[in-house]
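One structure is given below, encoded as structure tokens.
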């Protein structure tokens, strides 16, 4: 009888940095629940019951993204939020000159609303459909109407750009923003533009 060959052990895929942060945020939210007072527990249980869930699950669901984004957590159930009616994402300006990349968004966010920004890797300029857009992080507060997401973009995609030795000029980048509400996120708003060289003259940017 032939001896059955042993199968090589499969190595477990390492968790990404974002997955590790999310799991850590989950632990922080669970620990925060344990530190609430009995009265706060009752308040969350009452709010969770109307949503057919437990107070603990509702507390963690509300505050998980807040821990992940480094925001202040809510100790009491939040009031209902209304999605922003107007378009927040107005324009995308992305340039690269002598190896220095700049990615800025013209935005008009509603005061007090929370937004996250998502962006694709540089891709073929002929693409019309949005490729995979991973999350970059919370949308930085705008200054004079412009939100600079350069550091967020480089932190997420810089290693890939360097490894592939991409010539960025002319490549297309897709960007999305999304309002984050305690009862769940709103729909994405999207825009895209081609990377331009500011010394090569203006290039028309594509609006959605």
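The values are calculated or read from the model by the stated rules, or taken from the named source; none is laboratory data. Model, not experiment: these values are computed from the prediction. Counting neighbours? That spans all protein chains shown, and the Cβs are built from the backbone with ideal geometry, glycine included.
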Name, by its number, the condition in (1) surrounded by 11 or more Cβ atoms within 10 Å (Cβ to Cβ); (2) modelled with pLDDT under 95 that does not hold for residue 163. (1)
Any chance you could count how many residues in the range 91-113 are part of a strand (DSSP E or B) and within 22 Å of residue 169 (Cα to Cα)? 14
Filtered residue count, the range 183-208, keeping only those that are farther than 29 Å from residue 110 by Cα and at pLDDT below 55: 4
Which of the residues belonging to the range 75-89 are surrounded by 14 or more Cβ atoms within 10 Å (Cβ to Cβ) and touching a residue at least 40 places away in the same chain (Cβ under 8 Å)? 81, 84, 88, 89
Taking residue 173 as the residue in question, decide whether it is more than 22 Å from residue 19 (Cα to Cα) and either in contact with a strand residue (DSSP E or B) (Cβ under 6 Å, 6 or more places away or on another chain) or modelled with pLDDT under 95 (or both). yes
Can you name every one of the strands (runs of 3 or more DSSP E) wholly within the range 114-178 that holds 2 or more residues which are under 18 Å from residue 101 (Cβ atoms) and touching a helix residue (DSSP H, G or I) at 6+ places or on another chain (Cβ under 9 Å)? 115-119, 135-138
Condition check: more than 17 Å from the chain's Cα centre (by Cα) and closer than 27 Å to residue 29 by Cα. Does residue 81 satisfy that? yes
